[in-house]
């Protein structure tokens, strides 16, 4: 299933990696391992962050996606299930009102 992953990275540890020149290698290693469909770097409330779209075959894959961010950057990581328009159409949402209205 596709998940949107929000990574919120505290500045202090990240700044140390920027200063010692290792941050690019660390991020590349995480991305090479997790193979996101898309990744964008952004900020959250003045701190660094990333938004990734990843395919999670089952819940046991979640630690492999989150742990590198936790361990290397002391980051906060959130997972949100997402659907494409085609997925939403397949869900049968148009008929749900008949059941619940």
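No value in this document is a laboratory result; all are computed from the given coordinates. Since the model is a prediction, treat every value here as computed from it, not as a measurement. FYI the Cβ positions are ideal-geometry reconstructions off the backbone, even for glycines, and counts take in every protein chain you see.
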note = Rounded to the nearest 0.05, FRET efficiency between residue 12 and residue 35 (Cβ-Cβ, R0 35 Å) equals 0.80
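Per DSSP helix of 4 or more residues, -39500 (n - 2.57); summed, then divided by the residues of the chain. What does that give at 222 nm, rounded to the nearest 500? Please list the in-between numbers first.
Values: 5 runs with 48 residues, N = 101.
Helix-only estimate at 222 nm: -13500 deg cm²/dmol.
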inquiry  = Can you tell me which of 73, 14, 41 moves the most in a GNM of the chain? Springs connect C-alpha atoms under 10 Å apart.
reply    = 41
request  = Considering only 85, 57, 36, give the residue with the highest GNM mean-square fluctuation for the chain, with springs between Cα atoms whenever their separation is below 10 Å.
outcome  = 85
Rounded to 10°, Cα long-axis angle of helix 11-20 versus longest principal axis of the chain = 50
message = Cut-off 16 Å, label point 7 angstrom out along Cα-to-Cβ of residue 4: give me the residues of the stretch 40-77 whose amide nitrogen falls inside.
response = 40-45, 49-56, 77
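Roughly speaking, what is the stretch gain from residue 96 to residue 51, that is 0.36 nm per residue apart minus the C-alpha to C-alpha distance, in nm to one decimal? Mind showing how you got there, number by number?
Values: separation 45, 0.36 × 45 = 16.20 nm, distance 3.12 nm.
Stretched out fully, the residue 96 to residue 51 stretch lengthens by 13.1 nm.
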ask   = Taking only Cα atoms, what is the 0 to 90° angle, nearest 10, from helix 23-34's long axis to the longest principal axis of the chain?
value = 30
query = Is any residue of the stretch 6-24 close enough, with backbone N under 19 Å, to a label point placed 7 angstrom from the Cα of residue 42 along the Cα-Cβ axis, and if so, which?
reply = 6-11
note = If one builds a Gaussian network model of the chain from Cα atoms under 10 Å apart, the most fluctuating residue listed among 21, 49, 29 is 21
